[in-house]
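A short worksheet on the structure shown next.
The values are calculated or read from the model by the stated rules, or taken from the named source; none is laboratory data. Please read all numbers here as calculations on a predicted model, not as lab measurements. Virtual Cβ from ideal backbone geometry, glycine too; neighbours counted across all protein chains shown.
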Amino acid sequence: MIDTVVQVELPVDETLAIKKHRITPQSGGNRKRLSIVTGIHGDELEGQYVCYELSRRINEHPEYLKGTVDIYPAANPFGIDSITRGIPAFDLDMNRIFPGSTNGDMNEYIAAEIIKDLTQSDLCLDIHASNIYLTEMPQIRINELHRDRLLPYAKLANIDFIWVHGASTVLESTLAYSLNTRDVPTLVVEMGVGMRITKEYGNQLVTGIFRLMQELSIWEGPVDEVKQPIISEKPEEVAFLNAPVSGIFIKDTCHGIYVKKGDHIGSIVDPLAGICLQNITAPATGLLFTIREYPVVDEGSLLARILIK
Amino acid sequence: MERNTLFEIKALYRDNFRVTGFTFGSGDDSICIVGSMRGNENQQLYACSKLVKKLSELEQERRIRSGKKILIIPCANPYSVNIRKRFWTIDNTDINRMFPGYSLGETTQRISAGVFEAIKNYKYGIQFASFYMPGIFLPHVRMMKTGYENIDLAKEFGLPYVVLHNPRPFDTTTLNYNWQVWGTNAFSIYTTTTAAISESSADQAVEAILNFMSKQDIIDYRADEGYISKVVDGHDIISVRTKKSGFFMPETAAGKKVKKGSLLAKLTDTYTGELKDEIYSPVNGTIFFMHDAPMVYSNTAVFKIIQAE
Ligand SMILES: [Zn+2]
């Protein structure tokens, strides 16, 4: 069943609606509920495939479904339609306005209604795709404030890596923070890259979602074995590599591999002068879990992140 | 007057990114004024340019007090202004959400760090700020209630209003907040406009700053005394929101006094021209902010009214 979560009338002959697909058991079943949200950042599309594939696989065997699965594929439809990370017309990051306000402006109102709709969930996944600049290994990011509650779920999600990061006031306006403080355990998945779909990662996460559904007694069908993720809990375990100069970054390696300190990662070149400005090497030994995908870099642009071994 | 490059990044295909400062007088870091940080803040830049001109004249007339140094940074983000993009060119981040900055971090963190390093020890700090929604404000000084704010000092600008508000989660990364944390008496000055230039409002802001400098004995200047500022708590400003979308036809203007029940604006249908809604004032008061774009979404705060006592 397709439901409208919230809708707003626009100035010229159009209604903006946030929709969800609710999948319920054929008969009976329990009151458990899993919610999948994606598209808060309009240029992150990895979650689109996950939403599609999840409902496709459920619908192949509806008899195994014992609880409710709610799929919200487009929290920011304007952004998705216009290849815009934020909310166009407002130049606003939607993941900085939660929990919103029913008395607030259009965006705050939409945010508040989304939160209201999600609060009865037993578990929520908010699927992101890094951004258009970086490719990420499938990972779950957890605010240290919610570590104990979320870690057991995150371990079942069939992702490669769990990153427990420090609290920050800025993150208090994310969907995940708002839900976690409202007692809805919410996992933030980051995987792949903006503006693209990486089917392999999508399939990997869908397997994890079925494992989580089994854990919540929402799914009684067979479930594949899930990966043991690497868990990082200390800030000093992650090394950041930022561009030392502005230029064009030529990537010579892939994310998801182990690198040694000093290993060649790529180079920053100047196509005008035809020279290499800087060889880029690994600042530490470990797992290269993030790599720059977008070639144009300013001094300071993030090139890679390494989980130090 | 001395013109200095405070921060610089070498670029690939553009001229170097430079933050330029204008210094007047010498001695203690007395007062620093920062203009535009976003690409659409033309009025903020314009007001600073007038201030630079005025201070040059005062310096020639030896009316800057000895031992006092004044620093003006008309624009902390020329790259965005020059291409008419609101936020940072490559990654769309906001320099005014990156303070105090990080010199080894991402590009805009480096810019914020470079700027903050140059300005963090000033006794007084003023930023020409802008609102994210299109509209006209009454000129005012805005202060965050951080516990460090000095209201009596804010009144010395002689602007009509001093507005106090509670910090929101993202405020901790703004220049104003970090200035206050570092011991600077920090003020945000709002003139009437952002993208459009208002000559009279820029003049008023320049006069207010000169007035303030004169009262702090930084310059020898007989400023127009200005207003006896009214101090308003942000909570006491009444937002009047649209219930529908359409063409926005104001029946009043910023600065006008309104009575409870008086007509503030009409909304008309964008296709048929039919009246869709009328907006009435819920209180007696003064229009402090008015929306000024031709169309409006529903739930938009189109008026902010300061209630009459
Ligand atoms: Zn995202």
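Some observations on this one:
- Filter result for residue A:132 (within 11 Å of chain B (Cβ to nearest Cβ) and within 16 Å of the ligand (Cβ to nearest atom)): yes
Residue-wise test of (1) not in a strand (DSSP E or B); (2) not polar (S, T, N, Q).
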| residue | (1), (2) |
| --- | --- |
| A:225 | yes, yes |
| A:244 | yes, yes |
| A:267 | no, no |
| A:278 | no, no |
| A:287 | no, yes |
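- Considering region A:72-85, the residues that are part of a loop (DSSP other than H, G, I, E, B) and in contact (Cβ under 8 Å) with a residue 40 or more places away in the chain include one that is farthest from the ligand (Cβ to nearest atom), namely A:82.
- Options B:231, B:206; residue that is within 15 Å of the chain's Cα centre (by Cα) and aliphatic (A, V, I, L, M): B:206
- In region B:157-178, residue nearest to residue B:123 (Cα to Cα) [restricted to those that are touching a Lys or Arg at 6+ places or on another chain (Cβ under 7 Å) and among the aromatic types (Phe, Trp, Tyr)]: B:161
- Residue within region A:115-125 that is within 20 Å of residue A:150 (Cβ to Cβ) and within 16 Å of the ligand (Cβ to nearest atom) present: yes
- Qualifying helices (runs of 4 or more DSSP H) (wholly inside region A:105-199; at least 1 residues being over 23 Å from residue A:231 (Cβ atoms) and small (Gly, Ala, Ser)): A:106-118, A:175-181
- Qualifying positions in region A:246-268 - surrounded by 19 or more Cβ atoms within 10 Å (Cβ to Cβ) and either closer than 30 Å to residue A:70 by Cβ or at pLDDT 95 or above (or both): A:246, A:247, A:249, A:259, A:265, A:266, A:268
- Search result, residues across region B:1-26 that are over 21 Å from residue B:103 (Cα atoms), touching a helix residue (DSSP H, G or I) at 6+ places or on another chain (Cβ under 8 Å) and within 14 Å of another protein chain (Cβ to nearest Cβ): B:14
- Hits in region A:269-291 - residues which are buried (at least 18 other Cβ atoms within 10 Å of the Cβ) and at positive phi: A:286
- The lone exception for residue B:254 - which of (1) over 18 Å from the mean Cα position of the chain (by Cα); (2) assigned to a loop (DSSP other than H, G, I, E, B) it fails: (1)
- Residue satisfying all of: in region A:136-163; within 15 Å of the ligand (Cβ to nearest atom) and within 12 Å of the chain's Cα centre (by Cα); surrounded by the most Cβ atoms within 10 Å (Cβ to Cβ) among these: A:136
- Count of region B:246-293 residues which are among the hydroxyl-bearing types (Ser, Thr, Tyr), within 16 Å of residue B:308 (Cβ to Cβ) and touching a residue at least 24 places away in the same chain (Cβ under 8 Å): 3
- The single condition among (1) within 16 Å of the ligand (Cβ to nearest atom); (2) surrounded by fewer than 17 Cβ atoms within 10 Å (Cβ to Cβ) that residue A:38 does not meet is (2).
- All of A:95, A:30 fail the test of being within 14 Å of the ligand (Cβ to nearest atom), over 28 Å from residue B:277 (Cβ atoms) and in contact (Cβ under 8 Å) with a residue 60 or more places away in the chain, apart from A:95.
- Evaluating residue A:48 against the criteria (1) modelled with pLDDT under 95; (2) within 15 Å of the ligand (Cβ to nearest atom); (3) over 25 Å from residue A:182 (Cβ atoms) leaves one unmet condition, (1).
- In region B:148-177, of all residues being polar (S, T, N, Q) and farther than 22 Å from residue B:207 by Cα, the one that is farthest from the other protein chains (Cβ to nearest Cβ) corresponds to B:166.
- Some residue of region A:86-94 being of a type in the set (D, E, K, R) and either assigned to a helix (DSSP H, G or I) or away from every other protein chain (no Cβ under 14 Å) (or both): no
- Of the residues making up region B:175-186, at least one is more than 14 Å from the chain's Cα centre (by Cα), surrounded by fewer than 22 Cβ atoms within 10 Å (Cβ to Cβ) and assigned to a loop (DSSP other than H, G, I, E, B).
- Filter pass, residue A:171 being at negative phi, within 14 Å of the ligand (Cβ to nearest atom) and at pLDDT 95 or above: no
- Yes/no for residue A:24 being surrounded by fewer than 17 Cβ atoms within 10 Å (Cβ to Cβ), away from the ligand (no atom under 16 Å from the Cβ), of a type in the set (Val, Ile, Thr) and assigned by TED's automatic domain parsing to the domain that holds residue A:124: yes
- Criterion applied to B:220, B:203 was being surrounded by 14 or more Cβ atoms within 10 Å (Cβ to Cβ), of a type outside the set (Phe, Trp, Tyr) and more than 14 Å from every other protein chain (Cβ to nearest Cβ), and the one residue passing it is B:203.
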